[in-house]
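The structure appears below as structure tokens.
The values are calculated or read from the model by the stated rules, or taken from the named source; none is laboratory data. Small disclaimer: the values here were computed from a predicted structure and weren't measured. Glycine gets a Cβ as well: all are built from the backbone with ideal geometry, and neighbour counts include every protein chain shown. Accessible surface is based on the protein model in full, side chains and every heavy atom, while ligands, DNA and RNA are left aside. Shrake-Rupley method; radii C 1.70, N 1.55, O 1.52, S 1.80 Å.
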Amino acid sequence: MKIDPIHQFNIEPLFTLGHIGNHTIAFTNSSLFMLIAVLLIALLMLASGRELVPGRLQSVAEISYEFVATTIRSTAGSEGMKFFPLIFSLFMFLCVSNLVGVIPYTFTIASHLIVTAALALLVFFTVLIYGVYKNGLKFFSIFVPQGVPVYILPLVMFIEVLSFFLRPVSHSVRLFANMLAGHIALKVFAGFVAMLGFSLGALGWVGGVLPLALTIALYALELLVAFLQAYVFAILTCIYLNDAIHPGH
């Protein structure tokens with residue numbers, strides 16, 4: 001029995017939408033699960049209601065709202081709340097899509113670098129454009145830390161500029177790598193259990209108890225990682241936006 005942990009990340013076209021030159025525009029499994037994530041979030045937000053005593057859906061919606069709002073205020077201040085729609089959308093989209101992707105036979109959107117890079121570049125250009133718009137040339141003071149001796153200032157500035165332009169790389173690769181590695185590990189352990197059972201029969205199923213227990217533990221860990229990676233992406237977005245709101249602080 002062959003274990004193929006990479007097959008789960010294949011992007012498969014479901015139907016063709018049209019053509020641009022020689023390029024086919026297709027609705028893929030990735031597009032489908034993006035749409036599912038958006039619909040689930042819309043259902044949560046619209047169907048939760050506004051009761052004085054909240055039900056389950058309303059409680060989840062209110063907790064999600066307050067969680068993101070608290071994160072923004074603690075990292076970017078009250079002025080950062082103007083970016084609440086962006087940060088809330090990013091957090092909920094990643095959190096829901098990551099959790100859906102843990103369900104067997106689904107698709108994990110964040111396991112593709114092109115998706116996480118697109119979201120990271122959205123944050124990067126938002127920070128850059130708003131920072132220059134709000135602060136003018138003062139925005140670039142983030143590259144000149146206060147209290148640094150003059151003789152090492154050029155080196156420090158070079159490091160600050162380099163780290164600033166590498167933000168989209170670290171921002172996107174962190175999410176992509178964690179989701180990819182976690183799903184590969186799950187597939188390998190789950191496939192190992194099945195391989196033991198099919199190759200060794202009853203003895204193999206008995207011997208597969210330990211790998212099965214590890215698979216269950218990994219599955220629980222992956223659920224936690226799915227939430228944490230969405231949170232890390234959101235809080236890094238808040239930290240980066242704080243540079244645009246309060247440069248030099």
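The table below gives the values:
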quantity: Relative contact order (percent, whole number), the stretch 31-155, Cα cutoff 8 Å, 6+ residue spacing; calculated: 18
quantity: Efficiency of FRET between MET81 and LEU39 - r from beta-carbon atoms, R0 22 angstrom, step 0.05; calculated: 0.25
quantity: Protein accessible area in the stretch 1-123, 1.4 Å probe - carbon and sulfur %; calculated: 68
quantity: Selection of GluC sites (Glu not before Pro), the stretch 50-81, meeting DSSP coil and at most 15 other Cβ within 10 Å; calculated: GLU51
quantity: Matching label, mean projected area of the Cα convex hull in nm² computed from the structure shown, candidates [x] 25.3; [y] 20.1; [z] 16.3; calculated: [y]
quantity: Accessible area of MET81 in the full protein assembly, 1.4 Å probe (Å², nearest 10); calculated: 50
quantity: Listed residues ARG167, ARG73 arranged by accessible area, highest first, probe 1.4 Å; calculated: ARG73, ARG167
quantity: Gain on full stretching of the segment that runs from ASN22 to LYS138 - 0.36 nm per residue minus C-alpha separation; calculated: 37.1 nm
quantity: Pairwise FRET efficiency - GLU160 versus VAL232, Cβ, R0 = 22 Å, nearest 0.05; calculated: 0.50
quantity: Span-like helix ranges in the chain, DSSP H, alpha carbon extent 24 angstrom or more, Kyte mean at least -1.0; calculated: 29-47, 56-76, 84-102, 113-135, 167-200, 209-245
quantity: Efficiency of FRET between ALA177 and VAL53 - r from beta-carbon atoms, R0 30 angstrom, step 0.05; calculated: 0.10
